[in-house]
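The values are calculated or read from the model by the stated rules, or taken from the named source; none is laboratory data. Note that this is a predicted model, so its numbers are computed, not measured. Methodologically, a virtual Cβ is constructed for each residue, glycine included, from the backbone with ideal geometry; neighbour enumeration extends over all protein chains shown. What goes into the accessible areas is simple: the full protein's heavy atoms, side chains included, and nothing from ligands, DNA or RNA. Shrake-Rupley method; radii C 1.70, N 1.55, O 1.52, S 1.80 Å.
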Amino acid sequence: LKAPSRDHPALYRDLLRTNRVHWIAEEPPAELVREKMMECHFRFRHQMALVPCVLTLNQDGSVWVTLVKPARAITPGQFAVFYKGDECLGSGKILRMGPSVYTLQQGKNREESAKKEEIDKIEPAT
């Protein structure tokens with residue numbers, strides 16, 4: 001998919017899944033085990049700004065990463081690196097991604113036009 005511009009919504013995603021995460025200090029962090037989810041920060045490119053996210057632990061040790069705001073150009077095969085403050089918690093390879101902002105917008109537009117069609121059927125325009 002070649003997006004029409006650098007900032008096209010097709011390039012942005014707010015959900016991804018990693019393979020089994022390699023945790024540095026504790027395997028996995030106690031809070032994540034206890035709560036099944038944990039707020040932290042993440043980046044997938046060296047030097048990029050840290051993005052707030054919520055991790056959800058899966059049975060196989062992989063995590064779903066839900067970003068507070070969509071990030072641009074996340075690609076399977078890159079590594080997601082997790083931080084709490086200045087501490088690096090660990091990393092996992094990105095395997096899958098949720099739908100792009102563009103796909104989500106298209107779905108929303110379809111729902112809205114379907115609702116409008118339903119309303120038009122119920123209330124014929126006079």
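Condition test on Gly90, is it buried (at least 17 other Cβ atoms within 10 Å of the Cβ) and farther than 30 Å from Asp7 by Cβ? Yes; evaluated as a whole, the condition is true for this residue.
Figure legend. Inter-residue proximity from the range 89-113: first residues at negative phi and in contact (Cβ under 8 Å) with a residue 40 or more places away in the chain, second residues in a strand (DSSP E or B) and surrounded by fewer than 13 Cβ atoms within 10 Å (Cβ to Cβ), beta-carbon distance below 9 Å, spacing 6+ or different chains. No pairs are indicated. Of the residues making up the range 65-86, those that are part of a strand (DSSP E or B), buried (at least 16 other Cβ atoms within 10 Å of the Cβ) and aliphatic (A, V, I, L, M) number 5. So Met38 passes all but one of these: (1) of a type outside the set (Phe, Trp, Tyr); (2) in contact with a helix residue (DSSP H, G or I) (Cβ under 6 Å, 6 or more places away or on another chain); (3) part of a helix (DSSP H, G or I). Which condition number does it fail? Condition (3) is where Met38 drops out.
Taken together, the residues in the range 43-59 that are at pLDDT below 95 and either under 12 Å from Asp14 (Cα atoms) or within 12 Å of the chain's Cα centre (by Cα) (or both) amount to 3.
Across the range 4-37, the qualifying residues are those that are hydrophobic (A, V, I, L, M, F, W, C) and touching a residue at least 40 places away in the same chain (Cβ under 8 Å), and the one among them that is nearest to Gly77 (Cα to Cα) is Leu16. Just to verify a result, which residue in the range 36-48, among those that are in contact with a strand residue (DSSP E or B) (Cβ under 7 Å, 6 or more places away or on another chain), more than 10 Å from Leu89 (Cβ to Cβ) and not aromatic (Phe, Trp, Tyr), is surrounded by the most Cβ atoms within 10 Å (Cβ to Cβ)? For the range 36-48, the residue satisfying everything is Arg43. For Asp14, the conditions (1) under 20 Å from Trp64 (Cα atoms); (2) open to solvent by 100 Å² or more (accessible area, probe 1.4 Å) are fulfilled apart from (2).
Among residues belonging to the range 18-35 that are among the aliphatic types (A, V, I, L, M), assigned to a loop (DSSP other than H, G, I, E, B) and loosely packed, with under 14 Cβ neighbours inside 10 Å, point out the one that is modelled with the lowest pLDDT.
Going through the qualifying residues, I end up with Ala25.
Among the residues that make up the range 49-57, is at least one of them within 20 Å of Pro28 (Cβ to Cβ), assigned to a loop (DSSP other than H, G, I, E, B) and in contact (Cβ under 8 Å) with a residue 40 or more places away in the chain? For the range 49-57, residues within 20 Å of Pro28 (Cβ to Cβ), assigned to a loop (DSSP other than H, G, I, E, B) and in contact (Cβ under 8 Å) with a residue 40 or more places away in the chain: absent.
Can Leu95 be described as open to solvent by 80 Å² or more (accessible area, probe 1.4 Å) and either at pLDDT 85 or above or in a strand (DSSP E or B) (or both)?
Working: open to solvent by 80 Å² or more (accessible area, probe 1.4 Å): yes; either at pLDDT 85 or above or in a strand (DSSP E or B) (or both): yes.
Spelling it out, Leu95 is indeed open to solvent by 80 Å² or more (accessible area, probe 1.4 Å) and either at pLDDT 85 or above or in a strand (DSSP E or B) (or both).
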